[in-house]
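The values are calculated or read from the model by the stated rules, or taken from the named source; none is laboratory data. Bear in mind the structure is a predicted one, so any value in this text is a computation, not a measurement. Virtual Cβ from ideal backbone geometry, glycine too; neighbours counted across all protein chains shown. With ligands, DNA and RNA removed, areas are computed over all heavy atoms of the protein, side chains included. Shrake-Rupley method; radii C 1.70, N 1.55, O 1.52, S 1.80 Å.
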Amino acid sequence: MAEIIDRSQFTTVWTESFDKGTGMLSRVWGPGIDTSVPGQITVHSTPDNKDSGAMVPPTGASAGFGYGLYSFTLSLTQGDVPGPYALIWPGTDVWPGPELDVMEALKGGPLYSTVHWKGEGNTDKYTSYMLEGVDPKQVHTYSLDWAPGRLTGYVDGKAMWTTTANVPKDFANGGENLAPGVGMQTWWSAKDQYGSGYDNRMTVFDVSYAKPNANYTDGNMPAPGPTPIKQTIGSGADSLVLNIAQDAWKGSAQYTISVNGKQVGGTLTASALRSGDQDDIITVKGDFASGVNKLTVHFLNDAYGGSAATDRNLYLEGASLNGTAIPGASKSLLSNGPVDIGFTKPAAGPTPIKQTIGSGADSLVLNIAQDAWKGDAQYTISVNGKQVGGTLTASALRSGDQDDIITVKGNFAAGANKVTVNFLNDAYGGSAATDRNLYLEGASLNGTAIPGASKSLLSNGPVDIGFTKPFSQTIGSGADSLVLNIAQDAWKGDAQYTVSVNGKQVGGIFTAVSLRSGDQDDILTIRGDFGPGTHKATVKFLNDAYGGSPAADRNLYVEGITYNGKWVDHSMKALLSNGPADFIFA
């Protein structure tokens, strides 16, 4: 099958992303549910083959949801063992009944979907459909479009199977609604399990339901039309880009392109259909003179059969010069002949500069632009009150959508720092067009953007931008490496903590630097020869403080731990009060 989901035919009703436990899937059972990582839940097998799962509560025929698109984004750790499933279950919680299994696994790895229905004598009847060519260990989105009289299963938006047999009705149409859920059921395939007993795992990242809207036809994208073409004609430094489409009754539209009266290339044939909402992209290269120029598109083979459906036309849907849209460049050529579009090539502006000042291991990069009325803007840069370099002169024009790149090198201390940009030579002639200004368009430290670093300097004087350099430290020695990512909320002082490995404190008291709100982490590397087997790291928060609101709260966060380069499971924890948090690694 080649159909692709057309999501414009659906309106999303809800998406559960598991940021706070199982969320909408609040009916939970069994010992194999892990909600410790925000943004996902993991369902796993157990050595005693107990069932586990989570589901929207099936409390009656009208519970759950009716016709629509159900989607589950997930991955399997083994993928070749029965047990994990994603389904929509009878709202009445009565089985046998209309159970629609969106994804299940067979021994050996093939995935499949199953439609169950109640047969004679209260028996379970079913038909299965294979999901060929899907790697279950990768993250995929498994979807089911439940429509009146039809079911279609998708993987990553691509249709894998469809059927019109044994399709249940929803509650609004005399049947019952269905409740989405995920789970692990291994008791019936115990002999096929392997590993420790906990190794059959399914990680679910989101579950969603979308109902069909007024655009709904069959849930699929329409069959594609001709492939739009991309073609370059001519040569030179300038790029004049034309977006071309057509009505192609009894053949494709043909045309020529000229610039300033001179044809570029030969006769061109359109491919993209306007009805398909696509364009051919024709790039005309040249060295066009500064000032006013003229583009001519000449339609050659018009045809008309008496109606809008029997008409060959050509459309210029737009044009741009060197990336800038040309106003008034949308034209409909409904009969043979030329159409002219004027365009202006601006005179070349100043070249943006790239400059490095100072020295050291850290790189503070500033993006600078200006309004340059009666001369260029001048400024100085200081870090922590000390000027770096001399007086700098801006080159890039803000109107040209370009920036100077100024790299300030230094060995900045871990923690809070301050960069100051001081505008020196403001000038104003009474209007926006007669104004000299300086703009800090953004800044980064060692490749990480600095929040709030965009500033407009509209008069002489300094502007300060605070930035934080994350803390990085290695303690101990040995072949093994335990790396902790640490962040904080730093109300009325920085968070302090200790680290112990196997009950023994390593180093002294550490002080966090990186703010969680700044999307940065301190990196604390503990070296040692920890040996084989299971070990325990303990992070102990020492100086909690709380002023009555989230904005007045000091907290410590372990944002993740790796051991010898491998992620440690369940290693993201928020320490919201004084005390220890333990992490097991091996």
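Can you divide the C-alpha Rg of segment 154-242 by 2.2 N^0.38 Å and report the result to two decimal places? Display every interim value, and only then the final one.
Values: Rg = 24.2 Å, N = 89, 2.2 N^0.38 = 12.1 Å.
Here the answer is 2.00, to two decimals.
Under unit Cβ charges (Lys, Arg +1; Asp, Glu -1), what dipole magnitude, rounded to 20 debye, does segment 338-437 have relative to its Cα centre?
Numbers: 8 positive and 9 negative charges, 67 e Å.
Here segment 338-437 has a charge dipole of around 320 debye.
State, to one decimal in nm, how far the label point of residue 433 lies from the label point of residue 363, with both points 7 Å from Cα in the Cβ direction.
4.1 nm
How long, wide and thick is segment 517-586, going by the Cα atoms along their three principal axes, in whole angstroms, largest first?
Computed over segment 517-586, the largest-to-smallest principal extents equal 45, 24, 19 Å.
Per residue, how big is the convex hull of segment 210-316 when only Cα atoms are used? Give it in Å³. Show your work: numbers first, answer last.
Details: hull volume 17.4 nm³, N = 107.
Hull volume over Cα atoms, normalised by residue count, gives 162 Å³.
I want the local charge near residue 299. Using Cβ-Cβ distances under 13 Å, sum +1 for each Lys or Arg and -1 for each Asp or Glu among the other residues. Don't skip to the end; give the middle numbers.
Working: positive: 312, 331; negative: 247, 302, 311, 340.
Spelling it out: positives minus negatives among the neighbours equals -2.
At 7 Å along the Cα-to-beta-carbon direction for both residue 405 and residue 281, put a label point, then send me their distance in nm to one decimal.
2.3 nm
Can you check what the net charge comes to around residue 137, using other residues whose Cβ is under 11 Å from the Cβ of residue 137 (Lys, Arg +1; Asp, Glu -1)?
-1
I need the Debye-formula profile for segment 113-155: one equal scatterer per C-alpha, no solvent, reported as log10 I(q)/I(0) at q = 0.18, 0.25 1/Å, two decimals.
Debye intensities relative to I(0), on a log10 scale: -0.68, -0.97.
Tell me, what is the per residue accessible area of segment 161-238 in Å², probe radius 1.4 Å?
I get 54 Å² per residue for segment 161-238.
Under 15 Å from the Cα of residue 285, which aspartates and glutamates turn up, not counting those fewer than eight places away in the same chain?
238
Full-extension gain between residue 269 and residue 123, please, as 0.36 nm times their residue separation minus the C-alpha to C-alpha distance.
Taking residue 269 through residue 123 to full extension adds about 46.3 nm, to one decimal.
Once phi is turned into ³J(HN,Hα) by the Karplus curve 6.51 cos²θ - 1.76 cosθ + 1.60 with θ = phi - 60°, what whole-Hz value does each residue of segment 457-473 show in order, with x for glycine and proline?
Here the 3J(HN,Hα) series is 9, 9, 8, 4, x, x, 9, 9, 10, x, 9, 10, 8, x, 7, 9, 8 Hz.
What whole number of Å gives the distance from the Cα centroid of segment 314-385 to the Cα centroid of segment 1-53?
Each part reduced to its Cα centre gives a spacing of 47 Å.
Please enumerate, by chain and number, the lysines with C-alpha under 19 Å from the C-alpha of residue 125, excluding those fewer than 8 residues away in the same chain.
Within reach: 169.
Using a Förster distance of 35 angstrom, determine the FRET efficiency expected from the C-beta separation of residue 335 and residue 294, and round it to 0.05.
Working: r = 21 Å, r/R0 = 0.59.
My answer for the efficiency is 0.95.
Mind ranking 30-42, 198-210 by how tightly packed they are, going by the mean number of other C-beta atoms within 10 angstrom, highest first? It would help to have the intermediate numbers written out before the result.
Numbers: 30-42: 16.4, 198-210: 20.6.
Final packing ranking: 198-210, 30-42.
Counting Lys and Arg as +1 and Asp and Glu as -1, each charge on the Cβ, what is the dipole of segment 94-153 about the Cα centre in debye, to the nearest 20? Could you put the intermediate results ahead of the total?
Working: 5 positive and 8 negative charges, 4 e Å.
Computed about the Cα centre, the dipole is about 20 debye.
Rank by packing, highest mean first: peptides 240-248, 449-457, with packing defined as the count of other Cβ atoms within 10 Å averaged across residues.
240-248, 449-457
Could you name the lysines in cross-link range of residue 20, using Cα to Cα under 18 Å and dropping any fewer than eight places away on the same chain?
Straight-line reach from residue 20, under 18 Å: 573.
Stick to Cα atoms and the Kirkwood definition of Rh, then tell me Rg/Rh for segment 435-586. Could the numbers behind the result be given before it?
Numbers: Rg = 18.8 Å, Rh = 17.2 Å.
Across segment 435-586, the Cα-based Rg/Rh ratio is 1.09.
Let me know the shape class of segment 1-117, please: from the alpha-carbon gyration tensor, a ≥ b ≥ c as square roots of the eigenvalues, rounded when a/c is under 1.5, otherwise prolate if a/b is greater than b/c, or oblate.
Values: a/c = 1.28, a/b = 1.17, b/c = 1.09.
Rounded, since a/c falls under 1.5.
Which one of 474, 562, 488 is farthest out on the positive end of the charge dipole of segment 439-586, using unit charges on Cβ (Lys, Arg +1; Asp, Glu -1) and the Cα centre as origin?
Sorting the options by dipole projection puts first 474.
Within segment 530-559, list the trypsin sites (Lys or Arg not before Pro) lying in a DSSP loop whose Cβ has at most 16 other Cβ atoms in a 10 Å radius.
Filter output for segment 530-559: empty list.
Kindly work out what percent of the DSSP beta bridges joining two residues of segment 440-586 are antiparallel, to the nearest 5.
Working: 44 of 50 bridges.
Percentage antiparallel, nearest 5: 90.
Positive end of the dipole of the chain, charges at C-beta (+1 Lys, Arg; -1 Asp, Glu), about the Cα centre: which of 216, 417, 55 has its Cα farthest in that direction?
It is 417.
So if each residue of separation counts as 0.36 nm, and I subtract the Cα-Cα distance between residue 4 and residue 418, what length gain in nm does that give?
So the chain would gain 143.9 nm between residue 4 and residue 418.
Expected output is a single nm value to one decimal: the length gained when fully extending between residue 114 and residue 380, i.e. 0.36 nm times separation in residues minus the C-alpha distance. What is it?
Values: separation 266, 0.36 × 266 = 95.76 nm, distance 6.92 nm.
Length gained, residue 114 through residue 380: 88.8 nm.
Determine, for each peptide in 416-424, 332-340, the mean count of other beta carbons within 10 angstrom over its residues, then list the peptides with the highest first.
Working: 416-424: 18.6, 332-340: 13.7.
Highest-to-lowest ranking by the protection proxy: 416-424, 332-340.
All other residues with a Cβ under 13 Å from the Cβ of residue 269 taken together, and with Lys, Arg as +1 and Asp, Glu as -1, what is their net charge?
Once all neighbours under 13 Å are counted, the net charge is 0.
What whole-number distance in Å separates the alpha-carbon centres of segment 391-431 and segment 157-205?
58 Å
Taking 4 °C and 1.567 mPa s as the conditions, I'd like the Stokes-Einstein D for segment 392-506 in µm²/s, using the Kirkwood hydrodynamic radius from alpha carbon pairs. Don't skip to the end; give the middle numbers.
Values: Rh = 18.2 Å.
In µm²/s, the coefficient is 71.
Through the Karplus equation 6.51 cos²θ - 1.76 cosθ + 1.60, θ set to phi - 60°, convert the phi angles of segment 284-299 into ³J(HN,Hα) values in whole Hz; use x for Gly and Pro.
Computed from phi, the couplings for segment 284-299 are 9, 8, x, 10, 7, 6, 4, x, 7, 10, 9, 9, 10, 10, 10, 7 Hz.
Taking the structure as given and computing semi-axes √(5λ) of the Cα gyration tensor in Å, which label from (1) 147, 49, 17; (2) 56, 30, 23; (3) 51, 47, 20 fits?
(3)
Which value, in debye to the nearest 20, describes the size of the charge dipole of the chain about its Cα centre when Lys and Arg Cβ atoms bear +1, Asp and Glu Cβ atoms bear -1, and nothing else is charged? Walk me through the intermediate numbers first.
Details: 41 positive and 56 negative charges, 214 e Å.
Using Cβ point charges on Lys, Arg, Asp and Glu, the chain gives about 1020 debye.
What is the projected area of the convex hull of the Cα atoms of segment 103-188, averaged over all directions, in nm²? Please report the intermediate quantities before stating the final value.
Values: hull surface 27.7 nm².
Here the figure is 6.9 nm², rounded to one decimal.
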